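The values are calculated or read from the model by the stated rules, or taken from the named source; none is laboratory data. The structure presented is a predicted model; accordingly, all values stated were derived computationally and were not measured. Reconstructed Cβ throughout: ideal geometry from the backbone, glycine too, with neighbour counts over all protein chains shown. With ligands, DNA and RNA removed, areas are computed over all heavy atoms of the protein, side chains included. Shrake-Rupley method; radii C 1.70, N 1.55, O 1.52, S 1.80 Å.
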Protein chains: 4
Amino acid sequence: MKNVAVFGAGRIGRIHAGNVAALPGVSLKFVCDPVAASANELAAQLGAKVSTPEAALADASIDAVVIASPTDTHSDLIHRAAAAGKHIFCEKPVDLSVPRAIECAAAVKAAGVACMIGFQRRFDPTFAEAQARLARGEIGVPEMLVVTSRDPGAPPAQYLKGSGGIFRDMLIHDFDIFRWILCSDIGDGGDAADTMTANGSVLVDPEIAKVGDIDCSVVTIRTKKGRLCQINTSRRAAYGYDQRFEVLGSKGLLQCGNHRPTEVVQLDGNHVMTDKPEHFFLQRYREAYRLEVAHFFDCLQGARPFRTGIADGVEAQKLADAATQSWQAGGKVMQL
Amino acid sequence: MKNVAVFGAGRIGRIHAGNVAALPGVSLKFVCDPVAASANELAAQLGAKVSTPEAALADASIDAVVIASPTDTHSDLIHRAAAAGKHIFCEKPVDLSVPRAIECAAAVKAAGVACMIGFQRRFDPTFAEAQARLARGEIGVPEMLVVTSRDPGAPPAQYLKGSGGIFRDMLIHDFDIFRWILCSDIGDGGDAADTMTANGSVLVDPEIAKVGDIDCSVVTIRTKKGRLCQINTSRRAAYGYDQRFEVLGSKGLLQCGNHRPTEVVQLDGNHVMTDKPEHFFLQRYREAYRLEVAHFFDCLQGARPFRTGIADGVEAQKLADAATQSWQAGGKVMQL
Amino acid sequence: MKNVAVFGAGRIGRIHAGNVAALPGVSLKFVCDPVAASANELAAQLGAKVSTPEAALADASIDAVVIASPTDTHSDLIHRAAAAGKHIFCEKPVDLSVPRAIECAAAVKAAGVACMIGFQRRFDPTFAEAQARLARGEIGVPEMLVVTSRDPGAPPAQYLKGSGGIFRDMLIHDFDIFRWILCSDIGDGGDAADTMTANGSVLVDPEIAKVGDIDCSVVTIRTKKGRLCQINTSRRAAYGYDQRFEVLGSKGLLQCGNHRPTEVVQLDGNHVMTDKPEHFFLQRYREAYRLEVAHFFDCLQGARPFRTGIADGVEAQKLADAATQSWQAGGKVMQL
Amino acid sequence: MKNVAVFGAGRIGRIHAGNVAALPGVSLKFVCDPVAASANELAAQLGAKVSTPEAALADASIDAVVIASPTDTHSDLIHRAAAAGKHIFCEKPVDLSVPRAIECAAAVKAAGVACMIGFQRRFDPTFAEAQARLARGEIGVPEMLVVTSRDPGAPPAQYLKGSGGIFRDMLIHDFDIFRWILCSDIGDGGDAADTMTANGSVLVDPEIAKVGDIDCSVVTIRTKKGRLCQINTSRRAAYGYDQRFEVLGSKGLLQCGNHRPTEVVQLDGNHVMTDKPEHFFLQRYREAYRLEVAHFFDCLQGARPFRTGIADGVEAQKLADAATQSWQAGGKVMQL
């Protein structure tokens, strides 16, 4: 039995805590959150106890921690958990500062603990199946990747103020998809980003311009082997959460479509109508969140390698920095 | 907190027990199965105790029972549970004999307990959404229903020997769909079957003929209002579990497609390929099984009406009998 | 160069005449229609001359005739064309009376001319591709056929008065689909209808009941080999012309979907929307009409066998009669 | 009756000539091609005469010419046809040199003749329907455009040598789509390209690198209003001709899918399979080619405005030049 403490009882903390509690062979022991009401409610619901990070990390029975607290607490908690010898599952990002993220990676390595980063899209059934087929060579060598990533609506500009900007806040997941799909070593030695060009606009909410951010972006990455990636994002898709990618290979194409709540088709005098995509990330990635936490504990047991590690968090962050720089400077960033 | 005993630790019993155990406000207290190993394993996995129907029904703390034991035990357990004042969730069928099923319904009524029948298709997200839209009048008045219901492969002929035949064993679910979609009162007074014509063949496995059964069937039902229903079934669909229906209304059509594991589309030199349907009922109806048990306990709490009752079990059974009779006699059965 | 006379300058005559005129190696010489204005307009548009059946059949330069005149003129024109040694392309039906249709077939045979019947669905690109794959064995042995055939709206009841009833007027095409898909000899010796059960209702327009007809029907055919066919039809589909079939084989399923004008998908706050099906038969079968006439003249040149012959017209008519009888008598018609 | 001369009896000339010949009110009078055999065959097939550009332009009865000859003859023929007062339908491009294309535009203007450029994609039923809905405001204000444009296979590198490079040879159509979809004045004053960034690789055929070209490209265009466009192209798609775009607006999304030959879906033990896209441009754009020529002659009659003019040819060419420059210099091209 693995004993676990979850840090953070907010929206994403509740999801991870619930998934942890439902896993056979895993026990959710502590829930920690400075907002006592949140911690109490979540702990009561799942049969866990309320604690503090200090106490939880000092508890010898705890094997692993799940970090789902605000972004600016991640690197500190990683350092402390690593020092305490606890395995770590940490929500993205490691840290908005690449140097601090690198320090976290070093601390994790020194401590010899596992540290998986919550890039849940790698566990989405559709995305994971596409990657598996690509890795099996079903469409030959990958050549081009087109990623579409659109939120149903923009958050308030004030929220975005502390987010690090669209490339660090929103595209970080897309940069991880790029690395996973175009750069993983699938028997070909892998690949890596070589140049990055980013551009963007404020088309959704003019307030977002006032906090120095954009709400639509287009990114182009060229790899060292000449593979090409285009990412398009918007903070607003009137029709729901739009999460797709397609990868062109020398022998074919893999397309990942959106998920939808039901398979009803309605035909009437005006329309032939199917369901809109799942509304937002909590719906679309419900299964992915469940699977990534299960994967984390599976890997802790042994044989299987972790699908993500802290290095993936650092590398995605570097790409987000490069995109931000390209957008601000208006040019291509070379030799990533 | 509602305390529950589950009778039957086989394939479907394990699903119901797991779903019961995961419900907030519900406690799985006892698992009962004459096969001790099955009962022990399931109870241990879900933190319940092993018991017997006698003991469980005698336990005053038990509020409800889930009957997932073999078909020939259903009516006896319903009688005993009703007599003990326990609410009942029972897998289909109530009983292979219509008269015995009617007696069960009478006993349930006399005892004043709830008795829901496990027609899980009414809880499938796709089917339920279609029914809800129909009930809201989105396609006008229902006129025709076409039901496609195909298993991925035929069970051994020996298994089918005691099944009551294809109409009672397999089409019972389709007859319930017919009643739910074409006969529910959606503000129009409802409707009912008037005539039934069934036909069939042995095209899959000649052994099935030897036990007096068929493996493909076609059924036509005409309602008292003249609505028309066609059902087509086969014990074998090489491409997986095929579960669809479409209902034509005066203002449009609702089609219910199959579910598939992922939304990957693969295009190569030979194909444009999507996923096959979910493999079989445990996959396709995983969510439906979860939702029907949650619904049962929701309804026990109060306000909402049960989506199925023991009368639905009896009526579906009558239609199965009529279909069997039509097939055997080679003619139409009138005045159902 | 083949010289052709077209009889009938109405809706379907204009289509055939236009397709004939566009064929290389074929010359549309005469257009015949008792309504002089129609004949004149069509002839002028296509560079042909106006004539009469008598004159056209007496003209030694005419090789073939296309009969697209009213139903009650077909058998007479077939007899006269055959007697004159002209090859014949005739719109369905051969005749509303089966005995008269059989006499036509005898006359055609005696004269040694070709006589193709306009079952244009056999030339629809989707249906023809499905049949070709079935014939190549891609889904194994055919077992079940489900045909959906719905018009966008009912014609006036008065028009239906002389139509012979829904089974002869509308389902004749579906009966031909049944024969083509389930009964063609694809290396298995072929098959034939054995029993027929038809049922129906008036749900669209009560006036249709007054002329002794129905507007919705369901038909079940069982073949001598035990294959099963279900046909469902309605005179009204609010969403357009609905023309589909699916055939289940021992190794898979072939589904034929509707055609739609464009491949636009529109997603907005309310819908994910694709095009409605092509509006009616002139749109859906535009390509089929072109291809069947081209096929007729190809076959006249030599090698290839005609995809339909007058016997197909007779056999479909027999099935329509059996369906009518089954519906009127309320029972199964045996030994077709 | 409009009399027409077609210059060029190659692949595309034959298509245009056939479409011209089939138009009511239009007469194909002359076919001109230095390859006598081609000219003779095409003229014979369509009932036209063989001629030379000199003679055809000198013939006072000729109203319009269709220029479908090799690219390097276009500007000369435009000048001569304009000087002769003939209306012009010219295949893209006007000329590989932007200055020469501008001179052609001036000559056309001075002569007061019509000059439509063969951007046939604007007549594709799917693309045209999407543009019409966008223009009607069905998805609000356009914000982002993603264009996918892939050929089934690369031509020989030697052919590409004289093509002007991938941006001028292949993306010229995509640049026109960009202008049509993101820049047309749909009541909002229209828009125009502001910056252009292009990148590319040789991933398909190393020989293509030797002639100084690339076979995969990614392009980003930002408009003056901040709208964003991404184009991805490849000379090779193993699954056929891939021609799609999607445009995101403030209120929704319009997606244009590929066309496919039939609507058959095949399900078997291995696959759920639909048709591959139409094989190449002659199949996919068959209807578009027909419609654009019909549109040209409709517009010559009067009221309706031409959907493309020579200015569209010039502007697309400028974008192709900018993309070439961006790719070669490795940076963004500003103030287009």
DSSP bridge pairs, the protein assembly as shown: antiparallel proportion in percent, nearest 5: 60
Ordering of A:230-243, C:10-23, A:38-51 by packing [mean C-beta count within 10 Å, highest first]: A:230-243, C:10-23, A:38-51
Amide H contacts of A:Val50 (H built 1.01 Å from N, under 5 Å, at least 5 apart or other chain): A:Val31
Rg(Cα) / (2.2 N^0.38 Å) computed for the stretch D:180-262, rounded to two decimals: 1.36
Mean Cα-pair separation over length for the stretch B:66-194, i.e. relative contact order, pairs under 8 Å, 6 or more apart, %: 19
Among beta bridges that DSSP assigns inside chain B, antiparallel share in %, nearest 5: 55
Sulfur and carbon atoms: percent of accessible area, the protein assembly as shown [1.4 Å]: 52
D:Arg168 accessible area, assembled protein chains, probe 1.4 Å, Å²: 50
Sum of -39500 (n - 2.57) over DSSP H runs of 4+, divided by residues of chain C (222 nm, nearest 500): -10500 deg cm²/dmol
Label-to-label distance, nm, for residues given as A:Ala106 and D:Lys49 (7 Å Cα→Cβ offset): 8.9
Overall form of the stretch D:232-336 per C-alpha gyration tensor (a/c, 1.5; a/b vs b/c): oblate
Separation between Cα centres of the stretch B:215-289 and the stretch C:186-256, rounded to whole Å: 18
Sequence-separation-based contact order of chain B, relative, with Cα cut under 8 Å and 6+ spacing, percent: 19
Peptide C:125-134, shielding by other chains (average Cβ, 10 Å cutoff): 3
The stretch B:168-292: relative contact order as a whole-number percent, Cα under 8 Å and 6+ apart: 15
Distance between modelled label sites at D:Lys210 and B:Ala60, nm, 7 Å Cα→Cβ extension: 9.5
Protein-protein interface of the stretch B:292-336, residues with accessible area decrease of at least 10 Å², isolated chain reference, 1.4 Å probe: B:Gly330, B:Lys332
Degrees separating the helix B:74-83 axis from the principal Cα axis of chain B, which is the longest one: 50
Projected area, mean over directions - the stretch C:60-207, Cα convex hull, nm²: 11.4
Inter-chain shielding of B:13-21 (mean C-beta neighbours from other protein chains, 10 Å cut-off): 0
Alpha carbon centroid spacing (whole Å) that separates the stretch D:112-138 from the stretch B:21-45: 66
Using a 7 Å Cα-to-Cβ projection, C:Pro34 label spacings across copies, nm, ascending: 6.3, 8.1, 9.5
C:Ala329 versus C:Met1: modelled label distance in nm, points set 7 Å from Cα along the beta carbon direction: 5.6
Calculated from backbone phi, Karplus (6.51, -1.76, 1.60) coupling profile of the stretch B:132-145 in Hz, x at Gly/Pro: 5, 5, 4, 5, 7, x, 5, 10, x, 7, x, 10, 9, 10
Rounded if a/c under 1.5, otherwise prolate or oblate - the stretch A:1-64, Cα gyration tensor axes: oblate
Probe 1.4 Å, protein heavy atoms only - accessible area per residue of the protein assembly as shown in square angstrom: 36
Shape category assigned to the protein assembly as shown from the gyration tensor of Cα positions, a/c cut at 1.5: oblate
Fraction of beta bridges assigned by DSSP in the stretch B:114-245 that are antiparallel (%, nearest 5): 75
Within-10-Å neighbourhood charge of A:Leu96 [Cβ basis; K, R +1; D, E -1]: -2
Accessible surface of B:Trp327 - all protein chains present, 1.4 Å probe, nearest 10 Å²: 60
